[in-house]
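Scroll down for the structure; my scribbles are underneath it.
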Amino acid sequence: MATSRKQGAARQKHLALSRDRIVEAALALIADEGLSAFSTRKLGERLGCEAMSIYHHFPSKQRLLDALVEHAIGTVDVPEPGPDALTRVRRSLYSYRAMARRFPALFPLVAVHRLNTPAGVRFIESILRLIRSLEPDPELAARQFRVVGYYLIGAGLEETAGYARGPSAAEPVSDEFVARECPCLIEAAPYFQQHHWDATFDLGIELLIAGMVQSGEQRGLGRPV
């Protein structure tokens, strides 16, 4: 009887396992232990199953990582092109940053993972469509897409895994050295603090948007509405 109950519980666990549940648990595991420590064995322990049970839903660890990236980019709000194009573009850029901050431990993978799954290429297409609503020229739109990507990925990495969390020199300079040799750095340093990140990001977005608008105006396209 005890054996039968155990088998029933095991079957129930297997039946309860789903792609969504696996993705949710994997995201939690990465958030708790970091991307480098992630393994299907640890994930199985968290889910109460063997690693092989996970492979019924994801044939390989790489397929699971693909799904995690797709889940992350799926949370980015990319409006369809339409009236008030500038507001729509801003909304999508801020939403991407929010995604990076929502999944800080996963974002280093999102930043470098090739978006060459169906969901990935559709995501790229949706961003390009939005940029094309401001810049109809295919070449310039492609370049603006890349520039926006540089900024968003760089900002995301800086805020989730960047300079403040990076390795230090074996013998870092003293505060006295910096005060003596680097007056500009001394004046700038307070604005590098985390409570200034929002203002810095806002400035960068406005510079990007202004450049995109100016590019169109210089070619007689008029200011987008």
Point to revise | Residue-wise HN-Hα coupling along segment 164-178, computed from phi with Karplus coefficients 6.51, -1.76, 1.60 (Hz; x: Gly, Pro) | key: 5, 9, x, x, 9, 5, 4, 10, x, 5, 7, 4, 5, 4, 4
Study note, to complete from the structure: Out of Val23, Val173, Val76, a Gaussian network model of the chain with alpha-carbon springs under 10 Å gives the largest mean-square fluctuation to Val173
**Study point:** Of Leu35, Leu64, Leu207, the one that fluctuates the most in a GNM where the chain has Cα springs shorter than 10 Å
**Key:** Leu207
Point to revise | Read-out semi-axes √(5λ) of the Cα gyration tensor in Å, derived from the coordinates shown; its label in (1) 40, 28, 13; (2) 27, 21, 16; (3) 33, 19, 17 | key: (1)
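Is it possible to state the helix-based mean residue ellipticity at 222 nm for the chain, with each DSSP H run of 4+ residues giving -39500 (n - 2.57), the sum divided by total residues, to the nearest 500 deg cm²/dmol? What is it? Don't skip to the end; give the middle numbers.
Numbers: 12 runs with 155 residues, N = 225.
Per the formula, -22000 deg cm²/dmol.
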Check your understanding: Cα centroids of segment 20-51 and segment 82-111: how far apart, whole angstrom?
Key -> 25 Å
**Study point:** GNM flexibility winner over the chain from Ser95, Ser174, Ser18 (Cα, springs under 10 Å)
**Key:** Ser174
Check your understanding: Which of the helices in the chain, when you take each full DSSP H run, stretch at least 18 Å along the axis at their Cα atoms and have an average Kyte-Doolittle score of -1.0 or higher?
Key -> 19-33, 61-74, 85-102, 118-132, 138-161, 197-218
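According to the Cα gyration tensor, what semi-axes, each the square root of 5 times an eigenvalue, does the equivalent ellipsoid of segment 98-172 have, listed from largest to smallest in whole Å?
Working: eigenvalues 173, 45, 19 Å².
Equivalent ellipsoid semi-axes, largest first: 29, 15, 10 Å.
Since every read-out is calculated from the coordinates, none of them should be taken as a lab result. The model shown is predicted, which means the values in this text are computed figures rather than measured ones.
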